[in-house]
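The values are calculated or read from the model by the stated rules, or taken from the named source; none is laboratory data. Just so we're clear, the structure is a prediction, and the values are computed from it rather than from any experiment. Every residue, glycine as well, gets a Cβ built from its backbone with ideal geometry; the counts of neighbours run over all protein chains shown.
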Amino acid sequence: MERKEFTRRHLPHFQQPGQTYFVTWCTKDAVPPKALESYIMQLKDISNQIENSKLHKANDQIISELKIKYSRVRKKYIKAFDDLLHLQTKLIVDLSKEENTQLILDTLCFWEGKRIENYAICVMKNHVHWVFRVFEKNENGEPVYLSDILQSVKRFSATKINEFENRTGSLWHDESFDTTIRDDLHLYNAINYTIENPVSAGLVKNWWEWKGTKLFQ
């Protein structure tokens, strides 16, 4: 079956084998359902404008301006998303519990050297930050897609954590927030943001003190 490299739920997602990503996802209760609706609608609208402009062969300046507008709204979305994650105090599951944290770290390392190359991971109380590169081909010579990797790790970790916590039902929010890494500086900033997240949240003074942080050399 031919795979689509561009898919969409609430937000557009671009998948490209061989690409490096900065991905964040959270527990299903971490962000109120309609808290980010305004940003989501804006991003959808601008994305549709970009697609329509391309379809009708609009000049490059119009498309460039729309992309800049999209980027600005997206940055606001990221800031609002992060703020909400750190504000939550009531947790359906505390991911920072030792057994939950270790399970997630082990799961995100499962495909290491086979389908992905890890750069940094941080397991917070209600969300996960992950920076990694997806290989172009897996061990069977097939293309590797971000959606497959995320589906695999989220499904497995949710099942195991539910067992640990003696609970049933969904654990993770349906959608993950992924950013395509553009260059080395962007990669550096994504890694730094990931490992410094517990420090920014006031949980530790130094990033290496947080047990849920793993930096790959």
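Here is how the numbers come out for the structure above:
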item: Hits in region 16-42 (condition: at pLDDT below 75 and closer than 30 Å to V93 by Cα); result: V31, P32, P33, K34, A35, L36, E37, S38, Y39, I40
item: Hits in region 114-126 (condition: among the aliphatic types (A, V, I, L, M) and more than 23 Å from R182 (Cα to Cα)); result: V123, M124
item: Search result, residues across region 160-186 that are over 18 Å from N118 (Cβ atoms), at pLDDT 90 or above and surrounded by 12 or more Cβ atoms within 10 Å (Cβ to Cβ); result: K160, I161, N162, F164, E165, S170, L171, W172
item: Enumeration of residues in region 127-145 that are closer than 23 Å to D183 by Cβ and either out of contact with any Pro (no Cβ under 9 Å at 6 or more places or on another chain) or without any contact (Cβ under 8 Å) to a residue 12 or more places away in the chain (or both); result: H129, W130, V131, F132, R133
item: Qualifying residue in region 98-119 (condition: outside any helix (DSSP H, G or I), surrounded by 14 or more Cβ atoms within 10 Å (Cβ to Cβ) and touching a Gly at 6+ places or on another chain (Cβ under 8 Å)); result: no
item: Scope region 158-186; condition in contact with a Lys or Arg (Cβ under 9 Å, 6 or more places away or on another chain) and touching a residue at least 40 places away in the same chain (Cβ under 8 Å); matching residues; result: I161, F164, E165, S170, L171, W172, H173, D174, E175, S176, T179, I181
item: Given (1) loosely packed, with under 13 Cβ neighbours inside 10 Å; (2) in contact (Cβ under 8 Å) with a residue 40 or more places away in the chain; (3) hydrophobic (A, V, I, L, M, F, W, C), index of the condition I92 fails; result: (1)
item: Residue check for T89: of a type in the set (S, T, Y), part of a loop (DSSP other than H, G, I, E, B) and either in contact with a Ser or Thr (Cβ under 7 Å, 6 or more places away or on another chain) or at pLDDT below 75 (or both); result: yes
item: L84 being in contact with a Pro (Cβ under 9 Å, 6 or more places away or on another chain), under 20 Å from T194 (Cα atoms) and surrounded by 14 or more Cβ atoms within 10 Å (Cβ to Cβ); result: yes
item: Selection from region 52-86 of residues that are of a type in the set (S, T, N, Q) and not in a helix (DSSP H, G or I); result: N59
item: Spans of strands (runs of 3 or more DSSP E) in region 124-217 with at least 2 residues more than 17 Å from T107 (Cα to Cα); result: 177-180
